[in-house]
Amino acid sequence: MDDTLTPDAAALPVLPHPGGDAVLPAPAAWDDPALPRLVLEDPATGLPRAVLPLARGAEVETAIRRARAAIGTGDPLAILARLTGAIEARREDFARAISQDMGSPIDFARSKQVDAACDHLRATLAAARDVPAATEIAPGGHEVAHEPLGVAALITPWNWPLNQVALKVGGALAAGCAMILKPSERSTGAALIFAECMAAAGAPPGLFTVLAGDGETGRLLAAHPGIDIVSFTGSTAVGQRIAAAAGANLVPALLELGGKSANLLFGDCDLPLAVKQGVAHCFRNSGQSCNAASRMLVTRDLYDRAVRLAAAEAAEWQMGPPDRPGPHLGPLVSQAQYDRVQAHIATALAEGARLVAGGPGRAPGLGAGWYPRPTVFADVTPAMRLFHEEVFGPVLAITPFDTEAEAVALANEGGYGLAGYVQTADPARQRRLAARLRVGMVQINGRSRAEGAPFGGVGRSGYGREAGIWGIRAFQSVKSVSGLDPL
């Protein structure tokens, strides 16, 4: 469906404004039909459900003016300490907003989407408390200070709408910045609740503002000379435009972009477990995660068995409405995303990939809504688009390899460099592969990253890091001060 406001959608309800001055457009203008507005659709039905007023130039100017005045106000760590409790008190509100906005199953939204955000905030607070603002690097009064960059523009995606907000806000707040959040227009509901949580945590006026808007709003924000740093999570193509807009003002941009992460399975791994975990890591969140393990590279000796296991595992994953309890996959976020996934499946078939599970079309028995079929392709080669391009849907590509060197070369093809996954019991091989994979994160034998570990990539997956102390330092400048006398 087209996103423009059509006459038959004019009667749709306007997304509720949370009140207060932390969300722009302001409450007084929120219902003004003269504002540009976006039609929001229900991923489970494909039908229009509400309209979202869009911030433009005037609101961007107001947000930046208020943010600049708020720099240095409040106690950042005290606010951060209260913020997690405020989010946990609104857990069900967040889960329902996320489920409605982007189709996340309600149980997944409660456990994974909300819990992940709270875990990130706690890890950031712990890191901020453990690391001093200034560090002595030489005797004789030479220190290095870490100081807030100023006003941070935070542009977040729809696929993890609370988690990504928490990562950016936690780091920027602990660093001492004032923040302007532009969430994805597809998942603004969680950001509006987050604004209420920031107010409940004691954020002074202007320290945190949400701009309800679309891509044009984000472009205006990133290009504004009043912004001191931009942090963006989203597609590589949009990230390039954001970096160019910020770079025109010589403003740093932190970019967490796409991925096509490889999962390497060697002969000494627990194959049934590795395949089960690998399929889950590709499919969870309906495949809409930048670090999804969407390429499974398998040693030739285990390849045929791995393909059979993956096909059987995929058949266990069922699609269902977001409000249905229990483990399952929800719909994709939009018609455009559904069409993108279908195009990738059609291209893979045309290029000769072997379909072993799922395939084109909608998942059976669900009627309307953007429900793809969980899909597995075998015999995917580097000559195929599916090997290189991010699908952002529940589509797994499986490729054989003969040697460790070939596995590394296949994993490093394509230019993305977000995550790599390795399944082997050999400690020496674990370390060799961790060193040779050109990625920002390596996960061995299904063990998740520790809380506060850096998140980010290299190459077409962007640059900069989020989470823990790395997420805080990303929003700070480094100042060298020499000749200080003892206090």
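Within the stretch 61-85, how many residues are buried (at least 22 other Cβ atoms within 10 Å of the Cβ) and within 21 Å of residue 189 (Cβ to Cβ)?
Here the count works out to 2.
Confirm whether residue 434 is closer than 23 Å to residue 257 by Cβ, in contact (Cβ under 8 Å) with a residue 12 or more places away in the chain and not assigned by TED's automatic domain parsing to the domain that holds residue 140.
In short, yes.
Please give the strands (runs of 3 or more DSSP E) falling wholly within the stretch 225-296 in which 1 or more residues are modelled with pLDDT of 95 or more and touching a Leu at 6+ places or on another chain (Cβ under 6 Å).
Those strands (runs of 3 or more DSSP E) span 229-233, 262-265.
If I ask for residues that are over 27 Å from residue 134 (Cβ atoms), touching a strand residue (DSSP E or B) at 6+ places or on another chain (Cβ under 8 Å) and assigned to a helix (DSSP H, G or I), which ones from the stretch 173-215 would you list?
Passing the criteria: 185, 186, 188, 191, 192, 194, 195, 198.
Take the stretch 389-447 and flag every residue that is in a helix (DSSP H, G or I) and either of a type in the set (Val, Ile, Thr) or under 26 Å from residue 340 (Cα atoms) (or both).
408, 410, 411
Against the conditions (1) outside any loop (DSSP other than H, G, I, E, B); (2) over 22 Å from the mean Cα position of the chain (by Cα), where does residue 218 fall short? Just the number, please.
Unmet condition: (2).
Could you tell me whether residue 353 is aliphatic (A, V, I, L, M), over 21 Å from residue 236 (Cβ atoms), free of Cβ contacts under 8 Å to residues at least 12 places away in the same chain and not assigned by TED's automatic domain parsing to the domain that holds residue 159?
It is false that residue 353 is aliphatic (A, V, I, L, M), over 21 Å from residue 236 (Cβ atoms), free of Cβ contacts under 8 Å to residues at least 12 places away in the same chain and not assigned by TED's automatic domain parsing to the domain that holds residue 159.
Could you please find all residues in the stretch 261-280 being closer than 28 Å to residue 107 by Cβ and surrounded by 24 or more Cβ atoms within 10 Å (Cβ to Cβ)?
261, 263, 274, 275, 278, 279
Evaluate the stretch 312-325: report whether one residue or more is within 30 Å of residue 39 (Cα to Cα), touching a Ser or Thr at 6+ places or on another chain (Cβ under 7 Å) and not in a loop (DSSP other than H, G, I, E, B).
no
Being of a type in the set (D, E, K, R) and within 27 Å of residue 95 (Cα to Cα) is the filter; apply it to the stretch 193-234 and report the residue that is surrounded by the fewest Cβ atoms within 10 Å (Cβ to Cβ).
196
The values are calculated or read from the model by the stated rules, or taken from the named source; none is laboratory data. Quantities reported herein were computed from a predicted structural model and do not represent experimental measurements. FYI the Cβ positions are ideal-geometry reconstructions off the backbone, even for glycines, and counts take in every protein chain you see.
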